[in-house]
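> Sharing a structure with you now.
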Amino acid sequence: KLKAFCCGWEQSTRWRDPHRRDMVHARGAAIALLVVIAPTCAQPNCLDGDAAGCLADEESSLLALHRQQREAGSLGMQGVECPGSPGTFCDGNQCCPGTEASGYHTFPCPTADASFDGCETSPSRPSGRVECPGTLGTFCDGNQCCPGTSSSNNKTFPCPTAEASFVGCEGGHEELVSALLGAMSREEKYRFIRGTGWKNGTYETLPGYYIGEAGLHERFGIPSLNMEDNGQGFRTVAESIIGNVTSWPVTLAVASSWSESDTQRFGVALGQEFRIKGANGLLGPGVNVARVARCGRNAEYISGEEPYLGARLVVPYVIGVQSQKVLAVVKHYINNNQEDHRDTVDAIVDNRTEWEVYYPPFQAAVSAGVGVVMCSYNLVNGVHACGNPDTLLTDLKDKMGFEGWVQSDWWAVHSFVAEQGVDQEMPGDSTPSNDAWFLDANLDTLSDGKVDDMVGRMLRMMLRHGLFEPSNKTCQPLECNSSLYDADATSPEHDALNQELATKAIMLLKNEGRVLPLQPNVTLAVLGSACDAPQDVEAQLAQWDLGSYYNIGGSGRVIAHEPISIYAGLKTKCMQMGCTVVSGLTDNATEAVKVAAEADVAIICGATTSTEGHDRANLSVDQEDFMVSAASGLKAAGKPIVSLTITPGSIVLPWVDDVQAVLSVFLAGKYTGTAFADTLFGDSNPSAKSPLTFPVQESDMVAPCPEDSCPYTEGLFVGWRALEGKPVTFPFGHGLSYTSFNYSMLGVAVGLEASSVTGCTGAAVCISARISNTGSVKGSEVAQLYMGFPENTGEPTKVLRGFVRVEDLEVGASADVAFPLYENDLRIYSEADAAWTLPNGHFNLYAAASSRDVRFDSAFAACNGQLTLGLDQPCMG
């Protein structure tokens with residue numbers, strides 16, 4: 001249509017419509033200009049409507065010219081103005097910036113020679129070459145240098161499409177970014193600052209667009225930002241995507257292994273799948289600390305109840321994802337700790353609590369080089385998080401040193417907040433209940449320096465992590481349908497990793513009388529509806545916030561393709577091993593007891609799920625009445641009972657005293673049943689440790705704030721820290737094995753001596769221990785280190801300060817491990833000084849198998865910044 005519009009008397013009634021006189025006039029003007037500018041195109045075949053007779057570069061010039069043509073000479077400037085780019089001038093054989101009318105391709109200056117073909121729209125321009133920013137008509141490709149410009153301080157700099165590691169020019173990425181910013185128009189920069197791709201006035205994306213789009217149709221080889229949910233897999237927004245992406249365990253389940261190496265493998269696999277699907281931005285990970293046990297999104301968050309755990313695991317996650325030229329987006333900053341009325345709840349938090357509890361996972365992500373931080377829906381101390389200068393400018397960008405950009409959560413902006421720290425509004429389009437704020441009229445009020453700071457943050461991260469490097473996996477809407485909906489991103493390797501992660505996530509919480517592992521010839525009674533939970537794909541696709549017992553609901557949902565239920569997993573296992581399965585797959589406890597009469601062991605199943613947008617109504621599984629009644633009845637019948645639960649977070653287990661064994665997993669995706677079966681029969685020796693507390697009663701846990709005002713009165717005492725000294729069903733860090741482990745202390749060192757110990761380089765304190773497998777089977781153990789601050793510091797009794805996962809320790813074998821404590825681990829945040837301080841006094845150390853299973857302890861002292869092992873010396877001064 002564009003070519004016909006340029007060239008021809010197309011016989012379409014559209015052009016004769018009296019209500020479209022503007023189009024008719026523009027067409028006439030375009031043809032007139034065609035004859036003036038390029039007589040070679042004014043041929044019968046072109047004027048008769050044969051679009052093939054016109055060159056693309058002339059077409060682009062004309063479409064832009066019909067909007068605006070103004071001689072620069074009238075302003076006392078040399079050359080003519082580039083049509084569609086007010087204030088940009090050209091002369092002769094130069095290229096003008098692309099505009100909407102030209103399809104965002106550069107095109108020849110109107111006064112260029114008719115034969116000039118040096119712009120992006122030229123069919124003779126060498127494929128793959130892009131224009132050097134700031135040098136019109138000069139093109140480059142790959143690891144080449146562009147000429148220096150005034151913006152780059154006249155230093156040559158890498159071609160925009162050079163490899164991220166290329167260092168062969170006088171300048172580097174910083175000079176390239178400066179040149180890009182100097183050459184880009186405000187219009188081009190605005191396309192980065194606000195998102196696009198949603199049907200205006202709706203909650204639906206346009207066909208072929210990702211959940212988040214920005215930077216479309218840029219010059220200089222700049223790819224569009226194609227951002228997609230979520231932090232635990234590629235979001236299945238359409239049925240065609242289900243099955244061609246991996247349905248992983250939720251992030252909380254992956255965190256249960258406490259494995260940095262597995263977390264990085266997970267991140268790499270996620271990045272690979274997003275890349276294959278055409279996305280170069282992954283909207284995750286979620287790292288919020290679980291303040292509210294019923295929070296609907298706890299399953300998405302890698303931190304569990306402990307900031308130190310999140311800080312350790314987010315680093316390999318981010319490194320893994322971004323190694324695949326996909327930017328990670330850490331979220332939700334900050335205090336998005338509940339889903340109920342999340343748009344209006346006001347988290348009232350003191351600075352010490354922020355820095356010691358809620359900031360550490362985000363700060364660790366920043367240190368790992370994360371590209372993007374997503375601000376959250378809620379308010380923080382009276383100001384919306386997306387627009388809070390204290391948290392965004394002072395804390396994140398200044399004190400943490402964040403170099404990337406702040407992206408709003410979708411419709412989380414409530415005013416024009418560019419000056420308050422938000423660099424990019426998402427999704428950029430309005431709905432009847434959500435205004436868009438990053439409009440031209442508002443953006444035009446910003447200084448060039450501010451706009452360049454916002455866009456520069458994006459360009460730097462894109463360059464640093466290789467997003468500019470040409471790839472056939474990079475697409476630009478509307479050309480992404482094939483990648484988004486049809487590309488098969490999973491693989492046999494990912495399938496195997498998926499099963500491995502699900503299996504490693506199984507937590508053995510109780511094993512009284514060593515009822516597990518099961519014997520090969522056992523007869524099992526599999527009881528309860530949750531043992532054979534269905535996966536209603538149609539219902540989930542019809543309701544965005546509907547989850548299942550395999551996946552969470554909301555934007556974090558990856559609908560599992562043909563998931564394996566517990567019953568199916570056990571049936572398959574028994575076909576291999578010769579055991580027998582009888583079943584009662586209803587929630588009738590009386591019938592369950594009857595079915596179990598012929599079995600050796602009874603397995604009872606309970607489950608629940610959760611979703612974005614709503615907190616859980618309670619901490620119960622959906623089948624709690626059945627679990628309680630069935631456990632009681634089976635116990636009376638003298639049957640060994642194994643409880644299996646699938647949950648999105650912490651639960652209460654009122655039946656726990658009536659069962660011999662408890663296995664639990666956080667929503668585990670496709671291989672849920674296989675993971676349970678392999679663990680029940682000992683093919684996998686469990687090693688997961690719970691990142692959450694399982695309380696005795698729900699009232700022991702912090703509930704969602706029912707009102708908008710939400711004071712965090714517990715301060716530092718979040719999750720397990722608040723429950724020290726109180727009874728719990730299963731404590732934080734707890735998880736059993738089919739073998740046993742002995743811990744012995746090898747030594748404690750401080751200062752220079754500590755830093756010289758293997759594994760403790762740079763540490764202020766080093767604790768060395770030996771972990772020995774004293775049981776009868778090979779196993780893995782997560783050894784943990786807790787620390788107690790000096791008295792009168794206001795700190796919890798213990799805080800997590802280290803962990804080491806010892807993999808596959810053979811029977812009788814030992815492994816020596818080191819727990820480094822760095823100076824930052826010993827500091828507390830002073831509200832009065834707005835700074836970190838090292839308190840004087842005795843620090844207690846606890847090497848442990850869980851927060852309540854201490855195997856040995858030690859201590860050291862601090863006095864005026866000096867560390868010592870002498871505890872009997874008073875600290876003066």
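> Looking at region 802-824, can you tell me whether even one residue there is more than 25 Å from Ser257 (Cβ to Cβ) and among the basic types (Lys, Arg)?
No; the residues of region 802-824 include none that is more than 25 Å from Ser257 (Cβ to Cβ) and among the basic types (Lys, Arg).
Yes/no matrix, rows are residues, columns are (1) within 27 Å of Leu800 (Cα to Cα); (2) of a type outside the set (Phe, Trp, Tyr); (3) in contact (Cβ under 8 Å) with a residue 24 or more places away in the chain:
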site: Trp248; (1), (2), (3): no, no, yes
site: Leu252; (1), (2), (3): yes, yes, yes
site: Leu282; (1), (2), (3): no, yes, yes
site: Asn288; (1), (2), (3): yes, yes, yes
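> If you scan region 158-187, which residues turn out to be surrounded by fewer than 22 Cβ atoms within 10 Å (Cβ to Cβ), of a type in the set (A, V, I, L, M) and either closer than 13 Å to Asp452 by Cβ or in contact with a Phe, Trp or Tyr (Cβ under 8 Å, 6 or more places away or on another chain) (or both)?
Across region 158-187, the qualifying residues are Ala164, Leu181, Ala183.
> In addition: May I ask you to list the residues in region 327-359 that are part of a loop (DSSP other than H, G, I, E, B), acidic (Asp, Glu) and either free of Cβ contacts under 8 Å to residues at least 60 places away in the same chain or open to solvent by 10 Å² or more (accessible area, probe 1.4 Å) (or both)? Before you say what the answer is, go through the steps one by one.
Going residue by residue through region 327-359, those that are part of a loop (DSSP other than H, G, I, E, B) are 334-345, 349-350, 359.
When the remaining residues are screened for being acidic (Asp, Glu), the result is 339-340, 343, 350.
Matches in region 327-359: Asp340, Asp343, Asp350.
> Separate question: Please go through region 724-777 and pick out each residue that is open to solvent by 20 Å² or more (accessible area, probe 1.4 Å) and part of a helix (DSSP H, G or I).
Hits for region 724-777 are Gly751, Leu752, Glu753, Ser755.
> Sort out which residues of region 237-251 are touching a Gly at 6+ places or on another chain (Cβ under 9 Å) and outside any helix (DSSP H, G or I), and write them in order of number.
Those that are touching a Gly at 6+ places or on another chain (Cβ under 9 Å) and outside any helix (DSSP H, G or I): Val245, Thr246, Ser247, Trp248, Pro249, Val250.
> Go through region 821-846 and give me each residue that's out of contact with any Lys or Arg (no Cβ under 9 Å at 6 or more places or on another chain), open to solvent by less than 30 Å² (accessible area, probe 1.4 Å) and over 23 Å from Gly719 (Cβ atoms).
If the condition is that a residue be out of contact with any Lys or Arg (no Cβ under 9 Å at 6 or more places or on another chain), open to solvent by less than 30 Å² (accessible area, probe 1.4 Å) and over 23 Å from Gly719 (Cβ atoms), then Gly841 is the only one that fits.
> Which is in contact (Cβ under 8 Å) with a residue 40 or more places away in the chain and open to solvent by 10 Å² or more (accessible area, probe 1.4 Å), of Tyr203, Tyr210?
Numbers: Tyr210 fails: open to solvent by 10 Å² or more (accessible area, probe 1.4 Å).
The match here is Tyr203.
> Do any residues in region 500-511 that are crowded, with 24+ Cβ neighbours inside 10 Å have Cβ atoms under 9 Å from those of residues that are assigned to a helix (DSSP H, G or I) and hydroxyl-bearing (Ser, Thr, Tyr), where the two are at least six apart or on different chains, and which pairs are they?
Leu501/Tyr671; Ala502/Tyr671; Ala502/Thr672; Ala502/Thr674; Thr503/Tyr671; Thr503/Thr674; Thr503/Thr679; Ile506/Thr679
> Same structure again: Only residues that are open to solvent by 10 Å² or more (accessible area, probe 1.4 Å) and charged (D, E, K, R): list them for region 247-291, please.
Glu260, Arg265, Arg275, Arg291, listed by residue number.
> Restricting attention to region 517-556, and to residues there that are of a type in the set (A, V, I, L, M), assigned to a loop (DSSP other than H, G, I, E, B) and surrounded by fewer than 21 Cβ atoms within 10 Å (Cβ to Cβ), which single residue is farthest from the chain's Cα centre (by Cα)?
Checked region 517-556; the qualifying residue farthest from the chain's Cα centre (by Cα) is Val522.
> Further question: Considering only residues that are touching a Lys or Arg at 6+ places or on another chain (Cβ under 9 Å) and over 15 Å from Thr609 (Cα atoms), look in region 540-562 and name the one that is modelled with the highest pLDDT.
This residue is Glu562.
> Filter region 469-487 down to the residues that are at pLDDT 90 or above and among the aliphatic types (A, V, I, L, M), then identify the one that is surrounded by the most Cβ atoms within 10 Å (Cβ to Cβ).
Leu484
> Within the bounds of region 252-271, is there any residue that is assigned to a loop (DSSP other than H, G, I, E, B), within 30 Å of Glu479 (Cβ to Cβ), hydroxyl-bearing (Ser, Thr, Tyr) and in contact with a helix residue (DSSP H, G or I) (Cβ under 7 Å, 6 or more places away or on another chain)?
Within region 252-271, none of the residues are assigned to a loop (DSSP other than H, G, I, E, B), within 30 Å of Glu479 (Cβ to Cβ), hydroxyl-bearing (Ser, Thr, Tyr) and in contact with a helix residue (DSSP H, G or I) (Cβ under 7 Å, 6 or more places away or on another chain).
> Does Gly649 qualify as being part of a loop (DSSP other than H, G, I, E, B) and more than 30 Å from Trp248 (Cα to Cα)?
In short, no.
> Can you tell me how many residues within region 258-274 are touching a His at 6+ places or on another chain (Cβ under 9 Å) and either closer than 9 Å to Gln324 by Cα or not charged (D, E, K, R) (or both)?
Summing the residues that are touching a His at 6+ places or on another chain (Cβ under 9 Å) and either closer than 9 Å to Gln324 by Cα or not charged (D, E, K, R) (or both) in region 258-274 gives 2.
> Among the residues of region 442-487, which ones are closer than 19 Å to Gly208 by Cβ, outside any loop (DSSP other than H, G, I, E, B) and of a type in the set (A, V, I, L, M, F, W, C)?
Leu484
> Right, next: Looking at Leu508, is it of a type in the set (A, V, I, L, M), outside any loop (DSSP other than H, G, I, E, B) and either modelled with pLDDT of 95 or more or within 26 Å of Ser632 (Cα to Cα) (or both)?
yes
> Among the residues of region 422-444, how many are open to solvent by 20 Å² or more (accessible area, probe 1.4 Å) and not aliphatic (A, V, I, L, M)?
Count: 10.
> Please specify each residue of region 688-706 satisfying the condition of being open to solvent by 10 Å² or more (accessible area, probe 1.4 Å), in a loop (DSSP other than H, G, I, E, B) and not β-branched (Val, Ile, Thr). Break it down into steps so the answer makes sense when it comes.
Initial filter on region 688-706 (open to solvent by 10 Å² or more (accessible area, probe 1.4 Å)): 696-706.
From the residues that got through so far, the ones that are in a loop (DSSP other than H, G, I, E, B) too are 696-697, 701-706.
The answer is Gln697, Met701, Ala703, Pro704, Cys705, Pro706.
> Here's another thing I want to ask about it. Is it the case that region 409-421 has a residue that's surrounded by 15 or more Cβ atoms within 10 Å (Cβ to Cβ), touching a Lys or Arg at 6+ places or on another chain (Cβ under 6 Å) and either in contact (Cβ under 8 Å) with a residue 24 or more places away in the chain or in a loop (DSSP other than H, G, I, E, B) (or both)?
Scanning region 409-421, I find no residue that is surrounded by 15 or more Cβ atoms within 10 Å (Cβ to Cβ), touching a Lys or Arg at 6+ places or on another chain (Cβ under 6 Å) and either in contact (Cβ under 8 Å) with a residue 24 or more places away in the chain or in a loop (DSSP other than H, G, I, E, B) (or both), so the answer is no.
> Mind listing just one residue for me: the one in region 233-246 that is open to solvent by less than 10 Å² (accessible area, probe 1.4 Å) and of a type outside the set (Val, Ile, Thr) and, of those, nearest to Tyr209 (Cα to Cα)?
Phe234
> Here is a follow-up. Quick check on region 367-390: of everything there that is within 21 Å of Ala835 (Cβ to Cβ) and open to solvent by 10 Å² or more (accessible area, probe 1.4 Å), which residue is nearest to the chain's Cα centre (by Cα)?
Selected residue: Ser367.
> Within region 847-860, restricting attention to residues that are among the small types (Gly, Ala, Ser) and open to solvent by 10 Å² or more (accessible area, probe 1.4 Å), which residue is farthest from Asn742 (Cα to Cα)?
As a first pass, look at region 847-860 and keep what is among the small types (Gly, Ala, Ser): 847-851, 858-859.
Pick out the ones that are also open to solvent by 10 Å² or more (accessible area, probe 1.4 Å) and you get 858-859.
Working: Ser858: 17, Ala859: 20 Å.
It comes out as Ala859.
> Related question: Has region 252-260 got any residue that is over 25 Å from Ala675 (Cα atoms) and hydroxyl-bearing (Ser, Thr, Tyr)?
Step one: of region 252-260, the residues over 25 Å from Ala675 (Cα atoms) are none.
Checked against the condition, which is being over 25 Å from Ala675 (Cα atoms) and hydroxyl-bearing (Ser, Thr, Tyr), region 252-260 yields no hits at all.
> Does Leu393 satisfy being at negative phi, touching a strand residue (DSSP E or B) at 6+ places or on another chain (Cβ under 9 Å) and at pLDDT 95 or above?
no
> Does Thr590 satisfy being polar (S, T, N, Q), within 23 Å of Ala675 (Cα to Cα) and modelled with pLDDT of 95 or more?
no
The values are calculated or read from the model by the stated rules, or taken from the named source; none is laboratory data. Keep in mind that what you see is a predicted model, and the values were worked out from it rather than measured. We place every Cβ from the backbone using ideal geometry, glycine too, and count neighbours over all the protein chains shown. Please note that ligands, DNA and RNA were not included when accessible areas were found on the heavy atoms of the full protein model with its side chains. Shrake-Rupley method; radii C 1.70, N 1.55, O 1.52, S 1.80 Å.
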